[in-house]
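Since the structure comes first, as structure tokens, the remarks are kept for the end.
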Amino acid sequence: MQIKKLKIQHLRNHIDSEVIPNEKLNIFYGANGSGKTTILEAISIVSFSKSFTNSTDTALIQNGENYYKVLAETSNNFDFKYKIEVFYQKGQRKKISDSFAEKQIPKNIIGNIPLVHLSPDLKEITMGSPENRREFIDKVLSQSSKSYLENLINFKKALKQRNSLLSEFQRTNTFDKNFFESWNNVFIDLATKIITKRFEFVNEISPLFKRIYSEITQNEEIVDLIYEPNSCEEYFQDLLNEDNKNQLFLKVFKSLAGKSVKLLPVELKRGLTLFGPQKDELKILLNDALAREQASQGQHKSMLIALKFAELEFLHSITNEIPVVLLDDLFAELDENRILLVLNKLIKKNAQTFITLTEPKFLYPNTQLNSIAKYFAVRYGKLMDSQL
């Protein structure tokens, strides 16, 4: 996937910016607050319909204005031209139009521009709570599978409805068993589909993660990924060894159904759903120990890089598209050797890459990078082509 043109209006401090990137490396440099990251946010908006910073749409609008607009023109690996525009005005619904329809909804555009994003904020994937790792899985699968995204959206609705019914019983001591059972069945069906897909994903990405970590560290440390569904403890070892998708689905379904019966009395007392994929964990292991408890800062950085390259390879294999890569302010976190390793691997992958940094001086001597890189100086929300 290649972004051929990016136009930004009234997004943060960008009044009216246009970027014509090259096909390899695009490096945006300038002082903090100059508007570098905003360019990457704009790419995120046309890919996911929102910024990777999770800022609200209103917060993204430039001060003194009442709307923002982002437009991208792209071309995929088969030379199919794809155009998308995202427009948001205060107090109104976001308007999305693309090459397929004048009126789109966010879920329909996710995956059309495959995207891999790496920034210091994402260190929480290896260091933080299970929620951060579930979000990592969900974002990758949402780009590679429309059915997974649809199931995830519907699951969150079913979970909300189930919680509402449990909470209502706690407040009023009234319980419509038939109505609850109908929602409970929907919840279990969708939860089973999500857990099964997550199992398959972790089984596919784990060998990639192991290989890439070994390549970038060049040592004998052993890493691994283990997906542990909160609701399948009694079947867990069987699930790990299950290759048959239908059998995997049935075992997960049986486990969830059993949990539903067993936990319902406690759930009614607490007014909250106590099982399901919203409680799952992805364990990242380093030498058979939990990485978030044992790994050094350097090891965490290497594991995050390995995870993101595994994500890139996975998306490429599923979508037949090389994702666009965003590297935001990594130079503040990574040492020079790791940065050059990342960039050289991306060059070999032929991934169009967008990088932000405050000072590109250390790249000056690297003639290989400079021969394929396009530099943009960014000042006060304005871009200027730069020759180093």
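Annotation: the antiparallel percentage among DSSP beta bridges lying fully within the chain is about 70. For the stretch 276-339, the residue among Ala295, Ala306, Thr319 whose Cα projects farthest onto the positive side of the dipole built from Cβ charges is Ala295. Summing Cβ point charges (Lys, Arg +1; Asp, Glu -1) relative to the Cα centre of the chain gives a dipole of roughly 1120 debye.
The chymotrypsin sites (Phe, Trp or Tyr not before Pro) of the stretch 146-202 meeting both criteria, a DSSP state outside H, G, I, E and B (loop) and at most 15 other C-beta atoms within 10 angstrom of the site's C-beta, are Phe175. For the chain, the longest principal axis of the alpha carbon atoms and the long axis of helix 297-319 meet at an angle near 80°. Normalising the average separation of contacting C-alpha pairs (under 8 angstrom, six or more residues apart) by the number of residues puts the relative contact order of the stretch 1-158 at 20 percent.
When only Cα pairs below 8 angstrom with a gap of at least 6 residues are kept, the chain shows a relative contact order of 27 percent. What does the charge add up to near Val325, with Lys and Arg as +1, Asp and Glu as -1, over the other residues with Cβ less than 13 Å from its Cβ? Residues close to Val325 contribute a combined charge of 0. Relative to the longest principal axis of the Cα atoms of the chain, helix 177-217 runs at roughly 40 degrees. Of the listed pairs Lys210/Lys301; Lys197/Lys245; Lys139/Lys345, which have alpha-carbon separations greater than 19 Å here? The answer is Lys139/Lys345.
Calculated mean residue ellipticity at 222 nm for the chain: -15500 deg cm²/dmol, from DSSP H runs with n ≥ 4 weighted as -39500 (n - 2.57), summed, divided by the residue count and rounded to 500. Values of log10 I(q)/I(0) for the stretch 121-320 across q = 0.12, 0.16 Å⁻¹ run -0.65, -1.04, by the Debye formula with one identical scatterer at each alpha carbon and no solvent.
Sorted largest first, the spans of the alpha carbon positions of the chain along the three principal axes are 68, 55, 37 Å. When +1 charges are put on Lys and Arg Cβ atoms and -1 charges on Asp and Glu Cβ atoms, the dipole computed for the stretch 194-247 relative to its Cα centre reaches about 260 debye.
Coordinate-derived values only; no laboratory data. This structure is a prediction, so every number in the text was calculated from the model and none was measured. Counting neighbours? That spans all protein chains shown, and the Cβs are built from the backbone with ideal geometry, glycine included.
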